[in-house]
Structures are given as structure tokens and as C-alpha cells.
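One structure is given below, encoded as C-alpha cells.
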């Protein structure tokens with residue numbers, strides 16, 4: 001590896017500072033642009049690929065692709081160089097982490113946050129698609145996350161101009177196997193819808209914390225992409241709204257004609273979902289950290305992989321390697337993929353027809369039996385919907401204008417009138433029994449308590465509509481039941497953020513009391529504010545009841561903090577073992593490139609005064625104290641120690657003991673022994689009197705040398 005750190009490019013314009021990432025094709029450096037006075041990222045093609053025409057083409061494709069793009073959610077390209085001995089791209093430098101790293105940190109992304117990220121990704125892709133560019137490698141590793149600029153889509157290294165002659169990719173399916181579309185895995189036609197499939201997989205991973213298809217064998221994953229249906233996300237995380245699950249699964253449909261047809265179409269569904277998270281769409285169906293790879297549609301005895309890393313990964317970019325696979329074992333895969341291709345050839349080569357517009361038509365009178373539609377397989381699905389006239393088609397799938405095969409089904413959703421159901425005899429029943437009876441008939445139930453002491457508490461007095469009347473299935477029936485005259489509703493003490501005194505006054509005003517036994521829990525909510533109550537708000541209880549509350553301590557139960565350390569710089573950069581400990585507990589072990597660059601990672605913990613130490617190959621290079629009771633965690637006493645192995649031993653004679661030890665540690669001398677001798681001079685108490693070995697201005701010592709310091713101790 002050629003280390004470009006400290007060098008300049010373009011006649012001194014770009015000063016290369018440090019390596020921030022290593023991809024399959026290129027190294028990524030942080031650099032300074034002296035002319036435009038800004039920090040930039042420079043992606044330099046690896047020297048072993050300079051002579052490879054395919055990699056030179058792909059590298060040029062990236063700059064060609066991004067150069068025509070200008071969007072706030074796409075990484076900007078400032079400059080390119082296609083020299084014979086050096087090829088590089090100068091681009092926007094992003095302070096942040098990849099979406100993959102973020103998912104690994106939080107495990108599952110809050111669905112509201114996931115929708116926000118997806119919206120920005122889709123807007124970036126919509127801009128690229130409008131310019132005729134298909135990304136083809138959408139994955140969390142290629143999406144940067146920054147607090148200042150939001151989402152940035154990066155790495156157009158295998159991007160394709162959709163209007164180019166290379167609109168199909170022939171024998172090779174390029175992409176990261178966990179995120180590629182079925183048509184990409186089979187080496188078929190690639191267009192904008194392939195990117196939308198990948199967006200669906202990324203959204204799936206954000207919501208569930210896992211990719212839909214996984215295997216140790218990448219070719220097996222590619223086959224899963226073509227054959228298997230993903231497990232519905234709500235089976236993994238049941239907090240996902242139904243409408244959002246439907247969006248994910250539509251984006252991941254195998255058949256491109258029933259998938260979202262454009263980024264704007266998917267954005268429209270997301271916008272409707274954001275307006276109403278309870279929405280349910282009418283499209284129901286069953287249903288990485290690996291490098292970018294090429295998968296042969298017809299395997300000929302060689303499996304190839306090639307990688308392209310994200311240009312902005314500041315700290316954790318992993319080297320993707322070009323792996324020439326073994327011949328053994330691929331014969332079986334050849335047969336499998338040949339079968340897939342053979343079975344699907346008729347499906348994709350059959351004659352296509354255009355789907356008509358059925359919306360608003362009367363199904364029985366205008367569509368059913370109409371010879372104009374004899375070439376279509378039409379299935380009607382009747383749904384009770386009072387918003388449309390009975391018999392009218394109000395949804396169709398696929399949408400009008402879609403090109404489909406003649407043997408492909410068209411589903412029409414037809415409105416039918418609501419089923420009318422008679423309200424049963426529920427008067428004089430207990431409310432709980434009446435509620436179950438009504439819900440079993442398909443009604444929703446709303447309750448109203450009325451003061452009445454002439455019958456037992458909870459006895460149903462009346463309903464609206466009245467019993468014996470008919471009401472539409474699914475409508476709400478209001479049930480009035482008898483209650484004690486002293487029944488009151490418990491107010492909400494949590495949402496407004498009441499403190500104890502205000503809560504006490506509020507409860508007393510409605511005839512309730514505050515339980516004196518108040519518990520406290522750690523929370524980022526301000527100290528003293530109520531974070532939980534029992535019974536829950538909205539319940540009706542008799543006057544005089546006690547309400548128990550839990551208040552916040554104002555101390556975070558746990559928090560995280562980002563740590564950045566400077567790595568040792570070896571003459572020929574090699575890998576070393578980085579280890580981080582928190583109060584002596586090992587929290588991180590990682591192989592790192594010892595090139596003098598920086599490495600960042602997150603540490604999560606609880607409490608205050610926690611001591612963090614970072615070692616490389618057992619040598620202490622960094623330490624600090626962390627307070628995890630605030631969000632984010634607060635760092636203090638930060639020290640970055642020298643990483644050199646041969647160092648001039650400092651002269652610590654006449655220093656205070658603690659100052660002397662810190663001085664030695666800062667130079668990398670961690671093996672320090674303190675010898676105390678009695679002194680009668682108060683000025684020498686705690687002072688270093690001598691040291692061994694001696695300080696020599698031109699003689700360096702190994703940093704693991706035992707340093708003995710003699711310290712005076714006043715006689716008592």
C-alpha cells in the first residue's frame with residue numbers, strides 16, 4: 001500500500017492529511033483544498049487496479065455519474081483526475097457515520113426516524129433517476145448520516161446511465177448481495193426499480209435490525225433474493241405500523257411490474273403514511289457488511305468478487321477485497337442458477353400488454369364479461385367501503401399504464417355496502433359482558449359512565465344506537481352504564497410533565513389524593529418530573545382513591561459518547577490490535593491500520609467517573625474519564641499518549657510526584673515505579689529527588705523501560 005498521508009496533489013492544491021477509509025477499489029483520505037479553503041475527501045484508485053481496464057472504467061463511472069448530480073442528499077464531486085499513474089476523485093467531506101454503523105449501534109431504528117431517512121434516500125434517488133442514473137448499489141454502508149447535513153447517498157462506483165448501451169448487465173449481476181434486486185441477482189434488465197427494491201431492504205433492516213435474507217454463502221443469498229419471500233417485518237418487530245410494513249413489502253416485490261414504479265410513487269405512499277400512521281394500503285401480499293460483488297448468471301467455474309467502499313466513511317471503512325473463488329462446489333450452484341433462468345425465461349420473454357384504467361368503473365356492468373378485457377386475468381376483491389358507490393372499482397393493482405404479461409393477474413378492489421347488524425339485547429348486562437358481545441359482532445365500543453345508585457355498578461343502562469336497531473358493521477356503539485356518584489376520572493400527570501406539588505394540587509381538586517410513597521428512577525426527563533403513574537390516566541375510580549407516581553432523577557440511565565484516538569504510525573502501515581477498556585472491562589477489540597490516522601468508536605455506559613483506556617498492541621495510547629449521566633456522555637481528563645516506541649526520557653527531577661508520573665505517561669513510559677525516602681525538608685515533600693535511568697538529551701529509551709523515581713516523604 002502506498003501511503004499518501006502528508007503528500008500533496010495537483011501542484012500542491014490538495015494537502016492529504018490522513019487515511020479515513022479503505023474500500024475494495026480505493027483508499028479514501030481527508031485532505032485540505034488550499035485554493036477553495038475547505039476540507040475535502042479524496043478517493044484514490046488503488047495502484048493494483050490502475051492497469052485494470054474494468055476498474056478504471058468503474059472508477060470513471062463514479063465521477064461521471066455524480067458530476068451530473070446536484071442534490072442536498074447526494075455527495076458532491078468537486079474535481080477528478082484520470083492520470084496514467086494516479087486516478088482520484090475529490091469530493092465533499094462528510095463528518096458522520098454510515099447508516100450501517102448507526103443500525104449496529106441502535107439495533108433497530110425508531111420507525112419515525114427510519115421513515116425520515118428513507119424519505120431523504122428516495123429524494124436523492126429520484127434526482128438521480130431523473131438524470132438517467134441508476135445507483136445499483138444502495139445499501140446502508142453507502143449512506144452517510146450526519147447531524148449537520150442529514151442523509152447523504154454515496155458511492156456511485158457501479159452506477160449506470162440508464163440510457164447507455166450497457167442498460168443490461170449481461171452475465172454479471174453487480175451489487176451487494178444482501179441488498180440487490182432479484183433481477184440484478186439473475187443478471188437481467190436493470191432500471192430504477194432495482195434501486196427501489198434495495199431501498200425496501202434498507203428500510204426492512206432499519207425496522208427489524210436484520211437483513212431479510214442471510215447465509216454464509218453469498219450465492220445462496222442471491223438465490224434467496226430470486227426465490228424466497230421475506231418474513232413480514234411485523235413478525236420480527238410488532239411495533240411497526242401495518243401501513244409501513246405494506247410499503248416495505250411492496251418495494252421488495254419480486255415482480256418489477258407490481259413493485260413501486262418510481263421513487264416519487266414510493267414517496268407518495270410514505271407521505272400518506274406520515275399524515276396518517278394508521279393507514280392501511282390495499283396492496284397486501286405474502287411475502288451488510290459484505291463488499292460489492294459480481295455474481296455470474298451462468299457460472300463457468302469462476303466466482304468473482306469486487307468491492308467498492310463508501311468514500312466518506314470516516315473511521316470504520318473496511319477493506320473490500322477482490323476474491324477469486326475456487327472451482328470446487330460451484331457445479332451445483334451452476335445447475336441451480338440454470339434452473340432459475342430456465343424457469344423464468346418464458347415468464348420474462350412473454351408478450352406484454354398495457355393495463356387499462358379500471359378506477360371508477362362499475363365492476364358488474366362495465367368490466368365483468370366485457371370482451372374488451374378478454375386478454376386480461378381479472379380478479380375482483382369486494383371490500384366494505386361507504387366512501388364509494390356500491391359496485392365501483394376504487395383500487396387496482398397493477399396501476400393503469402403498467403406493462404404486464406398476459407398471464408399476470410389484475411386485482412380490482414370493488415366497494416360494497418356495509419353489512420347492517422342488529423344491536424343485541426344488552427340492557428341490564430354488566431358492561432364488560434356487553435362490550436364482548438358487541439365486539440364479537442364487529443362493532444367498536446365506546447363507554448360513558450352515568451351516576452346511578454339504583455342498580456349495581458357497571459350495569460348497562462342504554463346504548464346509542466338503541467338495542468334492536470341496526471347499525472353498519474364496524475361502526476361505534478356507545479354504551480352507558482351505571483356508576484357511583486363519586487366516580488371521577490384520573491387526570492394525566494405524565495404528559496404535561498407535572499412535578500409532585502402541582503400533581504398533588506390537581507388530584508385534590510378532583511377528589512383524589514397523591515400516595516406519599518414516591519419512587520424515583522433514572523431518566524433524561526428533568527429531575528422531579530413525573531414519568532409514570534398508577535392507575536393510568538382516563539380510568540374512573542371512586543373519590544378518595546390514591547394515585548402513585550414515579551419521578552425522574554434527571555440522571556440518564558445510560559448514554560453514549562464518541563471517542564476519537566490517534567493511531568500509531570508505522571513506517572510500513574500494518575494492522576495492530578486496538579483494545580478499549582471501561583473501568584478495566586474490555587468493551588472493544590478491533591484490528592486497525594497503523595498509519596497514523598484517527599479511529600472513532602462509540603462507548604455506552606452508566607454512571608459517572610468511568611475511566612476509559614485505549615491500547616494498541618498493549619501500549620496505552622489514550623485515556624479519559626466519562627460521565628454517562630448526561631446525554632450525550634461528557635468526556636473529561638482526556639489524554640492522548642505518545643505512540644512512538646523509542647523516546648527521549650524526560651527529566652522529571654524536582655517535579656511533584658503526580659506531575660512526574662503524568663509527564664512520563666504522556667511520553668509513553670507507562671512502567672513507572674515510585675520509591676519513597678524520608679526527608680526533613682518540607683520543600684522536598686512529594687518532590688522527585690532522582691530518577692533511573694537518567695535523562696539523556698540524545699539517547700532514546702524503549703517506552704516499556706522500567707522508570708524508577710525517588711520521591712521525598714516528610715518525616716513525621
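Numerical summary
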| item | result |
| --- | --- |
| Convex hull per residue volume in Å³, alpha carbons only, for the stretch 488-552 | 68 |
| Anisotropy class of the stretch 420-485 from Cα gyration tensor, a/c 1.5 cut | prolate |
| Length released on extending from residue 558 to residue 519, taking residue separation times 0.36 nm less the Cα-Cα span | 12.1 nm |
| Alpha carbon centroid spacing (whole Å) that separates the stretch 121-154 from the stretch 26-45 | 20 |
| Distance from the stretch 395-434 to the stretch 67-99 (C-alpha centre basis), Å | 51 |
| Listed peptides 616-626, 230-240 by packing density, highest first (mean Cβ within 10 Å) | 616-626, 230-240 |
| As computed over the stretch 644-716, the Cα convex hull volume per residue (Å³) | 70 |
| Descending principal axes extents, the stretch 577-683, alpha-carbon based, whole Å | 49, 35, 19 |
| The stretch 174-240-the stretch 509-555 distance, computed between alpha-carbon centres (Å) | 46 |
| Average Cα contact separation per residue, the stretch 352-416, under 8 Å, 6 or more apart, as relative contact order % | 49 |
| DSSP bridge pairs, the stretch 420-485: antiparallel proportion in percent, nearest 5 | 50 |
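Laboratory data are not the source of any read-out in this text; all were calculated from the coordinates shown. Keep in mind that what you see is a predicted model, and the values were worked out from it rather than measured. Cβ: placed from backbone, ideal geometry, glycine included. Neighbour counts: every protein chain shown.
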